[in-house]
Amino acid sequence: MWKGCSQGKEGLSCSRAAVTNISSKLGSIGLCLHVPEAPMYPYQASKAAQNMVTRCLAVELQDKGILCMAIHPGWVKTDMGTQEAPLTVEHSVRGILTVLASLSQHTSGAFLDWEGNSLPW
Ligand SMILES: NC(=O)c1ccc[n+]([C@@H]2O[C@H](COP(=O)([O-])OP(=O)(O)OC[C@H]3O[C@@H](n4cnc5c(N)ncnc54)[C@H](OP(=O)(O)O)[C@@H]3O)[C@@H](O)[C@H]2O)c1
């Protein structure tokens, strides 16, 4: 869970209090992605559960002026993502920061990827 706060915008945004949960496309029930090499059901189920919490929290926090959303960082070269991943950490983080800066009350409760694309829950 990432909590960000800077200054500048009115309404819900990362310029005010915000909760950004790092999720994964693998937790999307809508996409229901298959991982052929290694079934990851516990991971996928935990991300789907986290997505539900994100959605409920977004509704609860809206009246308090706190933005809440979920973001998929892409498949990234980390210990978890392995060196086979196409994205560097720098590329993913740059994308995430751009997406965070663009968030508003219209995207509170959204599930987006590091490029700002909307993902199905
Ligand atoms: N990499 C990808 O391709 C990818 C894709 C989709 C989503 N994500 C999500 O992105 C987030 C970051 O993943 P990552 O790729 O950076 O993974 P990572 O390289 O494996 O790093 C995971 C980090 O979480 C910490 N951690 C693990 N279990 C913990 C615990 N019980 N309590 C406290 N800290 C704990 C680890 O600390 P230690 O180093 O001390 O163990 C490590 O710093 C995760 O939520 C992951 O699901 C990653």
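Of all DSSP beta bridges in segment 2-113, what percent run antiparallel (nearest 5)?
Numbers: 3 of 12 bridges.
Counting only bridges with both partners in segment 2-113, antiparallel ones make up about 25 percent.
Fully extending the segment from Ala38 to Arg94, taken as 0.36 nm per residue of separation minus the present Cα-Cα distance, adds 17.3 nm. The long axis of helix 89-102 is offset from the longest Cα principal axis of the chain by roughly 30 degrees.
Taking the C-alpha atoms only, the angle from helix 41-62 to the longest principal axis of the chain is near 10 degrees. With every protein chain in place and a 1.4 angstrom probe, the accessible-area ranking of Ser104, Ser118, Ser28, largest first, reads Ser118, Ser104, Ser28.
Ranked by solvent-accessible area (1.4 Å probe, protein heavy atoms only, all chains present), the residues Lys77, Lys64, Lys47 order from largest to smallest as Lys64, Lys77, Lys47. With all protein chains in place and ligands, DNA and RNA left out, the 1.4 Å accessible area ranks Trp114, Trp75 as Trp75, Trp114, largest first.
Using only helices, what value at 222 nm comes out for the chain when you add -39,500 (n - 2.57) per DSSP H run of length 4 or more and divide by the total residues, to the nearest 500 deg cm²/dmol?
Values: 2 runs with 36 residues, N = 121.
That comes out to -10000 deg cm²/dmol.
By a 1.4 Å probe calculation restricted to protein chains, His72 has an accessible surface near 20 Å², given to the nearest 10. How big, in percent, is the set of alpha carbon pairs in the chain lying more than 21 Å apart? Above the 21 Å cut-off, the chain has 38 percent of its Cα pairs.
The values are calculated or read from the model by the stated rules, or taken from the named source; none is laboratory data. Note that the structure is a prediction, hence the values are computed from the model and not measured. Each accessible area value is taken on the protein alone, full model and side chains, heavy atoms only, with ligands, DNA and RNA left out. Shrake-Rupley method; radii C 1.70, N 1.55, O 1.52, S 1.80 Å.
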